[in-house]
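See structure below.
Only the coordinates and a few stated rules stand behind these numbers; no lab work does. Quantities reported herein were computed from a predicted structural model and do not represent experimental measurements. Ideal geometry is used to build each Cβ from the backbone, glycine not excepted, and the neighbour counts take in all protein chains shown.
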Amino acid sequence: MSHATDKTPVCVKVDREALERCRGELLRRIAHDLRNLAAGVSGTVRSMNPSGRNDKLEFLDRAVRSQVEGLTRMIDDLTDLQHVSRGTLYLCTERAILADLVDAAAQTARFAAEDRGVSLTIESNGLCTAVEADAARVRRILAML
């Protein structure tokens with residue numbers, strides 16, 4: 001009869017490289033599947049109101065698109081985390097106007113704010129500075145603020 005106090009230590013040797021490869025493959029598969037699901041949801045909502053004439057459906061379309069964009073950002077963040085842990089994060093830099101990046105990030109949050117009865121206003125005085133940046137990443141970072 002075995003008792004809970006009878007514990008035999010078990011040594012397990014972990015191949016960290018193999019573990020990292022498996023984790024990376026799992027993350028890639030999850031990201032791929034989630035992107036496919038998000039695209040399907042987005043396409044379905046767009047097909048419900050192709051003419052854009054129904055205000056209620058237009059509102060739902062904007063809300064779902066906002067949520068799909070949020071999900072896509074989360075997937076991208078998970079993928080970025082994997083690249084950072086491997087030391088292989090690549091940036092796609094381009095020249096961008098800082099005010100445009102702020103406005104794009106605010107637009108992402110604006111629908112969620114409006115749904116809660118909150119008005120979101122951005123004053124970008126003096127942000128006409130051009131920067132060399134990975135615009136998509138900067139927009140995601142700003143949208144998370």
The extension gain from LEU91 to ASP103, computed as 0.36 nm times the residue separation minus the Cα-Cα distance, is 2.2 nm
Projected onto their principal axes, the Cα atoms of the chain stretch, largest extent first, over whole-Å spans of 71, 39, 27
Among chymotrypsin sites (Phe, Trp or Tyr not before Pro) in region 39-145, those in a DSSP loop whose Cβ has at most 12 other Cβ atoms within 10 Å are TYR90
Summing -39500 (n - 2.57) over every DSSP H run of at least 4 residues in the chain and dividing by its residue count gives a helix-only mean residue ellipticity at 222 nm, to the nearest 500 deg cm²/dmol, of -22500 deg cm²/dmol
In a Gaussian network model of the chain with springs linking alpha carbons closer than 10 Å, the residue among VAL131, VAL64, VAL102 that fluctuates most is VAL131
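Kindly identify region 92-145 as rounded, prolate or oblate by the Cα gyration tensor criterion: order the square roots of the eigenvalues as a ≥ b ≥ c, call it rounded if a/c is under 1.5, otherwise compare a/b with b/c, prolate if a/b is larger, else oblate. Don't skip to the end; give the middle numbers.
Working: a/c = 3.75, a/b = 1.74, b/c = 2.16.
In terms of gyration-tensor shape, oblate.
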In region 28-103, the trypsin sites (Lys or Arg not before Pro) that sit in a DSSP loop and have at most 14 other Cβ atoms within 10 Å of their own Cβ are ARG53
Taking R0 as 35 Å and r as the Cβ-Cβ distance between ASP33 and THR129, the FRET efficiency 1/(1 + (r/R0)^6), rounded to the nearest 0.05, comes to 0.35
Residue span ARG65 to ASP15: 0.36 nm per residue of separation minus Cα-Cα distance leaves a gain in nm of 13.8 nm
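Using only the C-alpha atoms of region 61-132, find the volume of their convex hull and express it per residue in Å³. Don't skip to the end; give the middle numbers.
Numbers: hull volume 7.8 nm³, N = 72.
Hull volume normalised by residue count: 109 Å³.
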